[in-house]
Structures are given as structure tokens and as C-alpha cells.
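Rule-based calculations on the coordinates, nothing more; no lab input. Only a predicted model underlies this, so the values are computations on that prediction, with no experimental measurement involved. Cβ: placed from backbone, ideal geometry, glycine included. Neighbour counts: every protein chain shown.
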Protein chains: 2
Amino acid sequence: MGAWYIERGPEADVVVSTRVRLARNFKNFPFPCRMTAEQESMVLSEARDAVLNGNSAIAKDFVFVNLQSLDNLDRQVLVEKHLVSPQHAEIKKYSGVLVSRDERISIMINEEDHLRIQCLFPGMQIDKAWELCDKIDTLLEERIDMAFDSSYGYLTSCPTNLGTGIRASTMLHLPALVMTGYIRNILEACSKLGVAVRGLYGENTEAAGNMFQVSNQFTLGKSEADIIAGITNITQQIIEQERVLRAELYKQNPYRFEDKVCRSMGILMQSRIMSTEEAMKLLSDARLGVDMGIIKNVNGETLNEIMLLSQPASLQKYAGKLLGPDERDIRRAELIRNKLQHRI
Amino acid sequence: MGAWYIERGPEADVVVSTRVRLARNFKNFPFPCRMTAEQESMVLSEARDAVLNGNSAIAKDFVFVNLQSLDNLDRQVLVEKHLVSPQHAEIKKYSGVLVSRDERISIMINEEDHLRIQCLFPGMQIDKAWELCDKIDTLLEERIDMAFDSSYGYLTSCPTNLGTGIRASTMLHLPALVMTGYIRNILEACSKLGVAVRGLYGENTEAAGNMFQVSNQFTLGKSEADIIAGITNITQQIIEQERVLRAELYKQNPYRFEDKVCRSMGILMQSRIMSTEEAMKLLSDARLGVDMGIIKNVNGETLNEIMLLSQPASLQKYAGKLLGPDERDIRRAELIRNKLQHRI
């Protein structure tokens, strides 16, 4: 099994990845925003030990990463892979992450909550992601006394996570909804249904490359199963609408449609300078071309890989050195050319 | 030897082709604008016979084309190959053209003058073009009594051609002069020196694809040799300036420069719909890339061929049928993709 950015899962023509995360806190420590350095350190080592030490069934599957031991670039790479949140990558005294070897599970320690258990799968695999999260949570709860209230449920730093502490989300590629403007209707409907829609890297990020993250806004008053069912339901409706609009747009003018995606492909294959923003835009067109069967000699996994590797930190990691913004644009173009030509 | 659009000649990085033409009229007939249909017919057959019949040394090299026997498409193809002028392609009662098998010589009959002898060479070969024109003229004058006045020289329909009746021109690709805006200085200087600068298809055509035709404005009061020397001289100066500016632009920002030409190449290789105008623009970038050594797997001859074949009439000829404007744009994109992929 590979990470979300290497494999393509079910419904991959629209759903890039699925994520479920649980917010959990130790009962015997104040929330992270109120901890002393000593307490931070204790939470970090207790969480690490719960997974890696003793007779833990999952010990051998995980790697512990002390975020303080990483330089800024390596922390940003984790953010770009969605293994830690942007907030978690900021420098603190004691923070870390436990990452499974296939990069599908990450457990952030001392983020906004003591623990953020996250499972990330390629394509539409929300039930699997939830099952795995639940399993990891059960294993952790055998070792850690969690902050739980019989009427409120799990207690969290921020009240928006109170109760189940669950956030289930799907990352959707919605070019046809954007092109036709119908995305506005989706956004309105979601907002009324208590479903949040964000860009690729969480809150306050624009929908670069027509990528939208759909997730539940409320964690209280509903069971995990109901929340998962709700996100599944709305995601399936959006998938259906996106597919209908793609077919419609193609039918309206096949040559115009093919021309758009093929030109973007041509530019990706030949450019010498490319910004992240432009890359995301063109990769969205290329992905649409692949998913519509127009571009046949490139596969979706390659586009996923390029999308990740062309982000600023991953790109510098790939280049093996720090790069200024202009150098990044040159290296990005080079990376994209190389990746596309090797797969054609 | 191949036609101007198949081979590349000397200085091909700037000079696409060279043309010399002579205007001549029969002494015993009124100018074309004043001829009766019968006289038109007589001029046509006398001119044809002078080349093709008897013991003419060049008879076997020429094909006579009766323009009335061609449909509109075939006449336009001749225009796009520069073998006849746009005016000559318009429907008249009796008109024709004698074309050499290598398409380097054409003798228009009953154009603005009774005869327009034209030699068209790839690259900068103005002396060769003039020598060949002069040779054809001498052969014709052995058989035809030309309208000549001892003080004015050759008499022509329009006084602008009086005297030598010569027009020498070079077709120049000047992207760097256009990009930097210095083309304005060239146009001003040329105008002061009695040199005309026009677009690709003669008078009243825009400089599509950064192509400029430089030719002498005056035919009277100077010898043919002086006129040829003048156009040679100004062409060489323009070549030099264009080359300096190309090197300068490249040096200023090599990546930006390469990015521009390579993106155009990428679009040419992948688009599904392309107008003539866009094709000319992108082919200009591609040509610049080839001539600067940036694009290595395409040759200039292929670009010449594409530039010709993507013109509306040639494109329809290539497709083997009449096409509406939208179909042409689709076929043009297809033609360009095929031609470029075969040569890479």
C-alpha cells in the first residue's frame, strides 16, 4: 500500500484522497495552550511510548519524528504531504508526529490538542479511513487515559471539536463545477448542511488547482457513523454533479474541451519556468484530460506525484538544496518535464 | 533544388526567402487594363509559346497553368506559395502562369503587366535570383518584342515600375526587432531610403508571424545592379541588428527566453484548434527557438513547410476538401501536430 499521493483509489476521477482525524487529549494534563514546557515534554514522550514501546501491536509500523529535530524545509515537506498541519509545523518547544511507514496514518502530538489521529487514503475510502482511525484510537485508549465527559464526549481545546472529536473530509477535484460556476451552488448547499469546504491546504487557502476539501463542521450531537455517512452522502452527490457537468461540457464542444486540456499538457511538457499557482492550474487541466480519457499516455498517479513534488518545500527537498523563488520556478518546470517525459 | 518553402538557404536564421521580379510588356499590345479579350488571349498564347515551344532551352523546365482552368482553391494555393500575386489570382478572361518544376521561377501572364518574371530562392540569395531572372528575361526577349523606351527604359502599366521594372525583395523573420520595439526605427529608416517594408503576402497585409518583406520602392534612375546592391545592403544591416538583439534578449534572461519559445512549441505540438493568426505567432517563436539552438529536434524546413501548409487554401488542399473556418482550425492543429511529431 502506498501513500495517498502515490496510489489512486476508488472514484479517483473526482476524489483525490479521503481523511478522517480524531482529536484526543490526555485526562491528566491541561490543554496544549496551557501546558508548561515540562508537561509538553511529558505528553510527547507518553504518546510516543504508547505507540512504540511495550507490546504495542502497531509499534513496528510507526516512525516517531521529533519536529524540533527537523529543519524548516523538512517540516514543510510533512505539511505538503498532509502528515502534519501547517500550525503543527510551527516551532514549539516539544512537538512530534508518529507516522506509519506507508504514510497513511499520522498521530500529531501537541498540536491544538494533545493528539490528532489522522488516516489518509487515496480516493474515496472514507469507511476504511474511519475504521483505521477508530482502531488506532482504541489501541491508544488502552494505554492513555483520555479526557472524556459522559455528557459532552471527548473534550478538546477548541469547542468546535468537542464530542466525537472527528473530522472526516474528502479532497475533490472539481474543474467542471468551477468552469460552469455551479461550484457556488455547492458551496451554498454545503454551508446550509453544516459542511465546510476549503482549499487544498486547509483553512484560509484558496482552491488551487480546483481542489476542494469537504468536511463536517460539527462534531457534537451526532455519532461518528452519522458524521461519516453525512460526508459520504454529500461527497457522492458532488461526484455525480461533477461527472454530469464534465460530460456536458465535453459534449458541447469536444474539440474545444480537448484543446484546453491538451494545450495545458503541452505547456507542462515544455515550459522552462513555472509558478506553483500555474502548475496547479495546468495540472488540474491535465488531470481532467486523463480522467476523461483524452490524455492517454500519462497516468493519474504521476499527476498526483507532480502535484506534491512541485510544492515549494518538496521541490527543494527533491532538488537537494534550498532554492530562491526564481530558482524554484525553474526547477519546478524541470521536474514536471522530467516526470511527464518518463511516463509517456 | 527545392522550392523556397522546402529548403533553407544562406542566412536562414533571419532570411526566409529572396525574390526578384521583372515587369515586362509586349510592344505590340496595349497594357492589360486596356486590352480586348482577343488581345488578352493572344498575349497569353504568345507568352506561353515563347517559353514552351520551338527550341526554347527552358521549355522542359516549365509547366503552363491556365488560371481559368483552376478552381478558386487551387488559385489560392498558388498565391500562398507566392507563385502568383493575390491580384493575379482574381478571375479574368485570359490569364496564366508559367511555373518552373522546382517552383523557383514563375512567369505571370496578364497580371498588371503582360509579363511578371519572378525568381524566388530560399534564404539570402538575391544575386542568384537576379541572375536567373536576367537569364529568363534575355531568353524571352529573343522571342518577344518588349515595350522599351531609350530614355525611360522598360514601359509598365504603373509608373512605379517604369525603367528597370525590377523589384528585389527579401522576406525577413524579425522577432527580436518586434519584441524590443526597434522595428519602428527600421521602418522609419527604410522609408527614408526608398525601401518598402510589407507583411508576408505583399501590400496591405500585416506582419503575421514577425515576417517582413523588404523591397525597393523605385525602379527608375538606377541600374538593376545598384537596386540589388541597395536591398542587399539594407538586408544585411537588418540581419545584423536582429542577431544582436536576439543575443541580447537571450543573455538578459535565458530561462525566460527559452520558456517563451518552448511553451509555444508545446502548444503547437498539442493543440486541437488553431487559427492561422495564432499558428503564425507560435511558429515565429518556434523558428526563433530553432535558430537560437534552443529547440534541437525540429528543423527550419519543417517550420517553413508548416507555415505554408497551414495557410487556408493549402490546408484545404492538404485535407483534400473544402473546409469551413472552424474545421480549418481543427485541421490546422492536426497538421501541425503531425508534422512536428514526425520530425522529432
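Only Lys, Arg, Asp and Glu count, each charged at its Cβ (+1, +1, -1, -1), so figure out the dipole size of the range A:190-317 about its Cα centre, rounded to 20 debye.
Charge dipole of the range A:190-317: 260 debye, to the nearest 20.
Based on Cβ point charges of +1 for Lys and Arg and -1 for Asp and Glu, what charge dipole magnitude is obtained for the range B:53-99 about its Cα centre, in debye rounded to the nearest 20?
140 debye
For the protein assembly as shown, divide the Cα radius of gyration by the Kirkwood radius and give the resulting Rg/Rh value with two decimals.
Taking Rh as the inverse mean 1/r over Cα pairs, Rg/Rh reads 1.19.
Taking only DSSP H segments of four or more residues, each worth -39500 (n - 2.57), what value at 222 nm results for chain A once the sum is divided by all its residues, to the nearest 500 deg cm²/dmol?
Computed ellipticity for chain A at 222 nm equals -14500 deg cm²/dmol.
Sort A:Glu224, A:Glu131, B:Glu248 by Cβ crowding within 10 Å, fewest neighbours at the top.
Final ranking by Cβ density, sparse to dense: B:Glu248, A:Glu131, A:Glu224.
B:Asn72 to B:Lys93: FRET efficiency via 1/(1 + (r/R0)^6), r the Cβ-Cβ distance, R0 25 Å, to the nearest 0.05?
Result of the calculation: an efficiency of 0.95.
State the volume of the convex hull built on the alpha-carbon positions of the range B:73-124, expressed per residue in Å³ and rounded to an integer.
Roughly 83 Å³ of hull volume per residue.
Quick one: in the range B:164-271, what % of C-alpha pairs are over 20 Å apart?
47 percent
Using a 10 Å cut-off on Cβ to Cβ distances, tally the other chain neighbours for every residue of A:311-323 and report the average as a whole number.
The mean count of partner-chain Cβ atoms within 10 Å per residue comes to 0.
What does the charge dipole of the range B:4-243 about its Cα centre add up to, to the nearest 20 debye, if the Cβ of each Lys and Arg holds +1 and the Cβ of each Asp and Glu holds -1?
Computed about the Cα centre, the dipole is about 160 debye.
Based on the alpha-carbon gyration tensor of the range B:208-331 and its eigenvalue square roots a ≥ b ≥ c, which shape applies: rounded if a/c is under 1.5, prolate if not and a/b is larger than b/c, or oblate?
oblate
Roughly speaking, what is the centre-to-centre gap between the range B:276-337 and the range A:15-54 when only Cα atoms are used, to the nearest Å?
Result: 62 Å between the Cα centres.
Using a Cα-Cα cut-off of under 23 Å, which lysines could be cross-linked to B:Lys251, ignoring same-chain neighbours fewer than 8 residues away?
B:Lys260, B:Lys281, B:Lys296
Put +1 on the Cβ of each Lys and Arg and -1 on the Cβ of each Asp and Glu in the range A:4-243; which of A:Val15, A:Gly96, A:Val197 then has its Cα farthest toward the positive end of the dipole?
A:Val197
Excluding residues fewer than 8 places away in the same chain, name every one of the lysines whose C-alpha is closer than 28 Å to that of A:Lys92.
The qualifying lysines are A:Lys27, A:Lys60, A:Lys81, A:Lys317, A:Lys321.
What base-10 log of the normalised intensity I(q)/I(0) is obtained for the range B:4-104 from the Debye formula, alpha carbons as equal point scatterers, at q = 0.10, 0.18, 0.22, 0.25 Å⁻¹?
With no solvent term, the Cα-only Debye profile gives -0.34, -1.01, -1.33, -1.47.
Taking each residue in A:256-264, count the Cβ atoms of any other chain within 10 Å of its Cβ, then average. What number comes out?
Per-residue shielding by partner chains comes out at 5.
Could you state the angle between the C-alpha long axis of helix B:37-52 and the longest principal axis of the C-alpha atoms of chain B, as a value from 0 to 90 degrees rounded to the nearest 10?
70 degrees
Summarise the long-distance tail of P(r) for chain B by giving the % of C-alpha pairs beyond 25 Å.
For chain B, the fraction of Cα-Cα distances above 25 Å is 54 percent.
When the Cα centres of the range A:94-144 and the range A:156-231 are compared, how far apart do they sit, in Å?
Value for the Cα centre distance between the two parts: 19 Å.
Indicate the gyration tensor shape class of the range B:69-178 (rounded, prolate or oblate), computed on the Cα atoms with a ≥ b ≥ c the square roots of the eigenvalues: a/c under 1.5 is rounded; otherwise a/b larger than b/c is prolate and the rest oblate.
oblate
At A:Lys135 and A:Tyr182, where each label point lies 7 Å from the Cα along Cα→Cβ, what is the point-to-point distance in nanometres?
Placing both labels 7 Å along Cα→Cβ, they lie 3.7 nm apart.
Using packing as a proxy for protection, rank A:236-247, A:95-106, B:88-99, B:26-37 so that the peptide with the highest average count of other Cβ atoms within 10 Å comes first.
With the highest mean Cβ count within 10 Å placed first, the list reads A:95-106, B:88-99, A:236-247, B:26-37.
Taking only Cα atoms, what is the 0 to 90° angle, nearest 10, from helix A:224-252's long axis to the longest principal axis of chain A?
For helix A:224-252, the angle is close to 10 degrees.
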